[in-house]
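Asks: Mind looking over this structure? Questions follow.
The values are calculated or read from the model by the stated rules, or taken from the named source; none is laboratory data. From a predicted model like this one, the values you see are computed outputs, not experimental measurements. Virtual Cβ from ideal backbone geometry, glycine too; neighbours counted across all protein chains shown. Note: accessible area is taken over every heavy atom of the protein model, side chains too, but ligands, DNA and RNA are not part of it. Shrake-Rupley method; radii C 1.70, N 1.55, O 1.52, S 1.80 Å.
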Amino acid sequence: MTVAAVFLPLLGAFIAGFFGRWIGDRGAQIVTCAGLGLAAVFGVVLFVDVAINGHSVTTELFSWIDTGDLQVQWALRFDPLSAVMVAVVTVVSSMVHVYSVGYMAHDKSVPRFMSYLSFFTFFMLMLVTADNFVQLFFGWEGVGLCSYLLIGFWYDRPSANAAAIKAFIVNRIGDFGFALGIFAVYALFGSLHFGTVFDAAPNFAHTTFVFLGWPVDALTVTCILLFVGAMGKSAQIGLHTWLPDAMEGPTPVSALIHAATMVTAGVFMVARLSPLFEYAPTALAVVCVVGGTTAIFAASVGMAQNDIKRVIAYSTCSQLGYMFFAAGVSAYSAAIFHLMTHAFFKALLFLGAGSVIHAMSGEQDMRKMGGIWRLVPVTYALMWIGSLALAGIPPFAGYFSKDVILEAAWASGSGVGRYAFWLGIFAAFLTAFYSWRLLFLTFHGKPRADAEAMHHVHESPQVMILPLVVLAAGAAVAGWLGYNDFVGEGRDGFWRDSILVLPNHASLEGAHHAPMWVGTLPFVMGVLGIAVAWLAYIWRPELPGIVARRFRAIYLFLLNKWYFDELYDALLVRPAMALGFDLWKKGDGAVIDGLGPDGVAATATRLAVRASRLQTGYLYHYAFVMLIGVVVLVSWYLLRQIAS
């Protein structure tokens, strides 16, 4: 069963990818959806068996690397942490596959798309079931490759190609740090097997080595390098710029990337490596600060975006910040809890946005929507459920997971924990505001689309609505169903050896004893954010325009995403392009080719041309040359005789 849960998506991807011409669009859809459906069933069964009943298992497949002191087995590790991830990934991915049957029905490359989706899911499953760093890196790079293929799926669009290349390059920057971190692990421990490394970690708690000429704490540097990889994959501030542009891919791709695969890989990795991070408190502080800063940054940018998918994309970036600062205060189980609840309501929101785009004949600009809630009542109701969960309104899932993260940040008692707490509180207000801004602009008010577009507005087909209903059920009940086992009294028995928290890092225990106002404030801020959005977009719809004109500099700052792209363009892209152009024209063209192959060839050609001019064809020219030759030879002979 463990092997089937992981490799069924790969089998579906192989059949759809290589035999799509023979089995056709419908055959590719059936094969991939059936593979993911069975994998989801197995994933849920394994979750119950491994996480609930405590039957952890590691299935060794074969020896992968055996050279010198390095031995790496290809094995599938199923403990509570990986069981949770496998269940979440397979269930959400199966819903995305079913949804894609309707959403991509008229695309010309359905088998290729379905194959890429299943391939993407397979690599994520390889990542979360890894038993060593090499297998983890294999899955890590695999999801990066598939994200490139899926973001650039419509390769005839220049914007999609640019977005795919951007995602690939930015992730390579993070992955370089991740690879260095893996090298550091092997240099320190002499092994890449999780069990061996984790058991030996306490012995290296205060070990130092020379890094860039300075003696530094070995585990701190190692964990920070590993976290750089997480920053790229999970779009944390500084390496986040690829994530909004990833919206160039089809909407099911956006849902899969943002909800269950790829961006959650960084959070999973930090939780998996908690036995290392726990002995590197400085690295944990870095994780906490980066997460808190990302939460507020992305939430502020989301307020000003007009593309419905970009708003939800920045929401993902912000929620990932919550997960990281939870891990930064050692509340790893709270981070995974929020990852699980977030997977349901974020997939719901993205697929709901896809349903709106489908209804609006491809339109994604919220300024050209409005007044459609009566025409798409099911999508409207389901989007409300997703938004309530995202805003942390009880009893929906996001309330339970976001609340415990903020309480843990407060209870940590550290400066970075309080920093993340207050930024998280403000981000909760902004989250509710931009969520209801999206709802009000999209569904309420007067229609802003032209009459022809409004005439074609319609509810999505059942094959697209059914996955939304399943995800909405998860967004409604996953929080209170999982609270006790994930972060409540049953957490110690539930996580059993898959997550390590040292006794002096018991922020999650302190979260249950936090003052009442700490637990109430996020809900209050959520309600306040909804009220402000109603005031600005329903009661006084002219107010946003007035505020934007009054505070134009701030508005443009948020609209242009804190000018990160412009900054990188000025500091990195343009200088690199200029350097490359100069090296091409002056270095390669003028110097290397000029003095090398092209130069030699040109010199030989010039000499040949000049030599050819001597061949005039006139006899007296040749006689004159012979006479001159005789004169030269006689003169040379006479000069030698005189000299001797």
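Asks: Roughly how far apart, in whole Å, are the Cα centres of region 1-26 and region 124-200?
Replies: Going from one Cα centre to the other spans 23 Å.
Asks: If r is the Cβ-Cβ distance from E459 to A602 and R0 is 45 Å, what FRET efficiency results, to the nearest 0.05?
Replies: The calculated FRET efficiency here is 0.05.
Asks: Also, I was wondering about something else. Place the peptides 124-134, 375-385, 153-163 in order of packing, highest mean first, counting for every residue the other Cβ atoms within 10 Å and averaging per peptide.
Replies: My ranking of the peptides, most packed first, is 124-134, 375-385, 153-163.
Asks: Moving on to the next point. With a point put 7 Å past each Cα toward its Cβ, work out how far M1 is from N161 in nm, to one decimal.
Replies: According to this spin-label approximation, the distance is 4.8 nm.
Asks: Still on this structure: If you wrap region 74-226's Cα atoms in a convex hull and average its projection over all directions, what's the area in nm²?
Replies: In nm², the orientation-averaged hull projection of region 74-226 is 11.0.
Asks: When Cα extents along the principal axes in Å is calculated directly from the model, which label among (i) 74, 64, 55; (ii) 119, 70, 58; (iii) 92, 59, 47 fits?
Replies: (ii)
Asks: Highest mean first, what order results for 140-150, 53-63, 38-48 on Cβ atoms within 10 Å?
Replies: With the highest mean Cβ count within 10 Å placed first, the list reads 140-150, 38-48, 53-63.
Asks: Top to bottom by accessible area (1.4 Å), largest first, where do W74, W517 land?
Replies: W517, W74
Asks: Using a simple spin-label model with points 7 Å from Cα along the Cα→Cβ vector, what separation in nm is obtained for L638 and Y186?
Replies: Placing both labels 7 Å beyond Cα along the Cβ direction yields 8.2 nm.
Asks: Given the pairs K346/K561; K402/K446; K233/K585, which are separated by over 30 angstrom at their Cα positions?
Replies: Check vs 30 Å cut-off fails for K402/K446; K233/K585.
Asks: Just the Cα atoms of region 389-548: what Rg and Dmax do they give in Å?
Replies: Answer for region 389-548, Rg first and Dmax second: 19.9, 64 Å.
Asks: Quick one: pull the percent of accessible area on the chain belonging to carbon and sulfur, 1.4 Å probe, ligands and nucleic acids left out.
Replies: 69 percent
Asks: To the nearest 500 deg cm²/dmol, what mean residue ellipticity at 222 nm is calculated for the chain from DSSP H runs of n ≥ 4 alone, each contributing -39,500 (n - 2.57), summed and divided by the residues?
Replies: Taken over the chain, the calculation gives -23000 deg cm²/dmol.
Asks: Taking Rh as the Kirkwood radius, which is the inverse of the mean 1/r over Cα pairs, what is the Rg/Rh value for region 84-152?
Replies: 1.02
Asks: So for each of 444-453, 102-111, 479-488, 426-435 I average, over its residues, the number of other beta carbons within 10 Å; can you give me the resulting order with the highest mean first?
Replies: Peptide ranking by packing, descending: 426-435, 479-488, 102-111, 444-453.
Asks: Can you check what the Kirkwood hydrodynamic radius comes to for region 326-383, Cα pairs only, in Å to one decimal?
Replies: 13.3 Å
Asks: Something else: As an exercise, take the mean of 1/r over every pair of distinct alpha carbons in region 196-349, invert it, and state the Kirkwood radius in angstroms.
Replies: Hydrodynamic radius (Kirkwood, Cα pairs) of region 196-349 is 15.9 Å.
Asks: Filter the trypsin sites (Lys or Arg not before Pro) in region 318-402 down to the DSSP loop ones having no more than 10 other Cβ atoms within 10 Å, then list what survives.
Replies: Sparse-neighbourhood loop trypsin sites (Lys or Arg not before Pro): R374.
Asks: Still on this structure, I have one more. Going by amide H atoms built from the backbone, whose H comes under 5 Å of the H on T208, apart from near neighbours?
Replies: For T208, the qualifying residues are A218.
Asks: Averaged per residue, what accessible surface does region 1-90 expose to a 1.4 Å probe, in Å²?
Replies: Per residue, region 1-90 has 47 Å² of solvent-accessible surface.
Asks: I'd like the FRET efficiency for I52 and A553, computed as 1/(1 + (r/R0)^6) with the beta carbon distance as r and R0 of 56 Å, rounded to 0.05.
Replies: Calculated value: 0.55.
Asks: Fully extended, how many nm does the chain gain between E542 and R448 (0.36 nm per residue separation, minus their Cα-Cα distance)?
Replies: 32.4 nm
Asks: Same structure, new question: Could you state the orientation-averaged shadow area of the convex hull built on the Cα atoms of region 31-151, in nm² to one decimal?
Replies: Value for region 31-151: 8.3 nm².
Asks: A further question on this structure: Tell me the volume per residue, in Å³, of the convex hull enclosing the alpha carbons of region 245-335.
Replies: Dividing the Cα hull volume of region 245-335 by its residues yields 82 Å³.
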